[in-house]
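Notes to accompany the following structure.
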């Protein structure tokens, strides 16, 4: 069968944009504070999953919701299962938006809103790629499932639940990364380092707060300081701002001096693309005579973590010829004079080093400063042979649809659901040359890119399941 996949995608433009607008309007951030039996991750993720599944039901697919944690849209039958793994949850919006993050806004051919790029826009494009087969009467030779998780940005609770109660898919892809194709994902390990609550007299650290998620470079940081040296402190802060790539403000309050720094959010897989407001604030404060656990907390961040995304200072920098460099993100930093301090670090590591070695390096540093470290999550590196038919087929479709020459798979620091399948790869929907705004303020994706991705997904599903 000969199909003009891009022409097919254009036919769906209006309905696709209407559906995506509905998805973006749901603030599907994990919300443990308001979880219930019906909404185990909070109302937002469940509502977004239900909305996604409602599209499949509307269009005549088989759908199933597994406990408001994960669901799937199914087409075809057979012993083998081809899976596409997407997610309906999103990162917290954060500050710095020029539009409402939960109202899809079109400007200059781009769609702005939280989830347009990660991952509601691409996931819905994959859904419409599946619709192309059904609407053209093409019956696949195997079962196809678009699986939609609700917790990709945190602990993968939903997708883990799917793999506990449903059969392992044979092969598939996750439309949650970039083109041309990702066949390798670095290991992903997160650690929590805690400190006591003792403080000093000349300078007292009452509060320190930076970061929303471990897998996100903090764009904001605040601290509340108590000192009798107000003038010296304010002058030093003004001088600091003049020399650093951040903005900020400082003001006196009834509880002390409030300090605020504004950096730049970025995805933890490429922390060098952000400006970590939290580590910069710790570096500024570390020059003052804090004492006790407050000083240890600041020193740990400022002396061993700040401005070192490759972890040279703690001694775990490593490069693999195939998988590239180890990277480190300092995602959450908190201190309260009543409860103590906490620092969450996230490492994306290649072959040749492991999570235990990273833990030992952190323990060695933290021990000097009275801190304690524990590993809170871990996933091993994932790699699919470039000669695997799924890699070759998807690259061939991408080249045919885009005219790109000499396309090759790549390895990244990001983690996608694809790593849960031995023959799983990440495939789009970010095109080379398009700005990556995932996990950032003013997240966007070009409309034409999403339609092009839809065409690529349609042909890819066809080539792998029906041809």
When segment 96-114 is checked residue by residue, the ones that are more than 21 Å from the chain's Cα centre (by Cα) and not in a loop (DSSP other than H, G, I, E, B) are 105, 106, 107
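Say we look at segment 336-350 and pick out the residues that are out of contact with any helix residue (DSSP H, G or I) (no Cβ under 8 Å at 6 or more places or on another chain) and assigned to a loop (DSSP other than H, G, I, E, B); which of these is surrounded by the fewest Cβ atoms within 10 Å (Cβ to Cβ)?
For segment 336-350, the residue satisfying everything is 338.
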Note to self: When you scan segment 132-144, do you find a residue that is part of a strand (DSSP E or B) and at pLDDT 95 or above, even just one?
What the structure shows: yes
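Rundown of residues vs (1) part of a helix (DSSP H, G or I); (2) free of Cβ contacts under 8 Å to residues at least 12 places away in the same chain; (3) buried (at least 20 other Cβ atoms within 10 Å of the Cβ); (4) in contact with a strand residue (DSSP E or B) (Cβ under 9 Å, 6 or more places away or on another chain), yes/no style:
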{"residue": "252", "(1), (2), (3), (4)": "no, no, no, yes"}
{"residue": "260", "(1), (2), (3), (4)": "no, no, no, yes"}
{"residue": "282", "(1), (2), (3), (4)": "yes, no, yes, yes"}
{"residue": "297", "(1), (2), (3), (4)": "yes, no, yes, yes"}
{"residue": "312", "(1), (2), (3), (4)": "no, yes, no, no"}
Checked 226, 207 against criteria (under 29 Å from the mean Cα position of the chain (by Cα), touching a residue at least 24 places away in the same chain (Cβ under 8 Å) and either assigned to a strand (DSSP E or B) or surrounded by fewer than 17 Cβ atoms within 10 Å (Cβ to Cβ) (or both)); the one match is 207
The condition of being buried (at least 19 other Cβ atoms within 10 Å of the Cβ) and farther than 13 Å from residue 278 by Cβ holds, among 305, 326, only for 326
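Only one residue in 328, 333 is within 30 Å of residue 386 (Cβ to Cβ) and assigned to a strand (DSSP E or B), so which one is that?
Of 328, 333, the one residue that is within 30 Å of residue 386 (Cβ to Cβ) and assigned to a strand (DSSP E or B) is 328.
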Notebook entry, point to check: Would you say residue 117 is modelled with pLDDT of 95 or more, within 25 Å of residue 426 (Cα to Cα), in a loop (DSSP other than H, G, I, E, B) and over 22 Å from the mean Cα position of the chain (by Cα)?
Noted result: no
Here the qualifying pairs (Cβ atoms under 7 Å; residues six or more apart or on different chains; first in segment 85-97 and within 21 Å of residue 129 (Cβ to Cβ); second at pLDDT below 95 and assigned to a loop (DSSP other than H, G, I, E, B)) come out as 87/152
Hey, residue 375 outside the structural domain of residue 118 (by TED's automatic domain parsing), within 28 Å of residue 28 (Cα to Cα) and touching a strand residue (DSSP E or B) at 6+ places or on another chain (Cβ under 9 Å) or not: yes
The condition from (1) surrounded by fewer than 19 Cβ atoms within 10 Å (Cβ to Cβ); (2) over 22 Å from the mean Cα position of the chain (by Cα); (3) more than 30 Å from residue 2 (Cα to Cα) that residue 373 misses is numbered (1)
So, first residue on the phi > 0 side of the Ramachandran plot in segment 365-377, second residue surrounded by 14 or more Cβ atoms within 10 Å (Cβ to Cβ), Cβ within less than 6 Å, six or more apart or across chains; the pairs are 370/296
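The values are calculated or read from the model by the stated rules, or taken from the named source; none is laboratory data. Keep in mind it's a predicted model, so treat the numbers as computed, not measured. Positions of Cβ are generated from backbone atoms using ideal geometry, with glycine treated the same way; all protein chains shown enter the neighbour counts.
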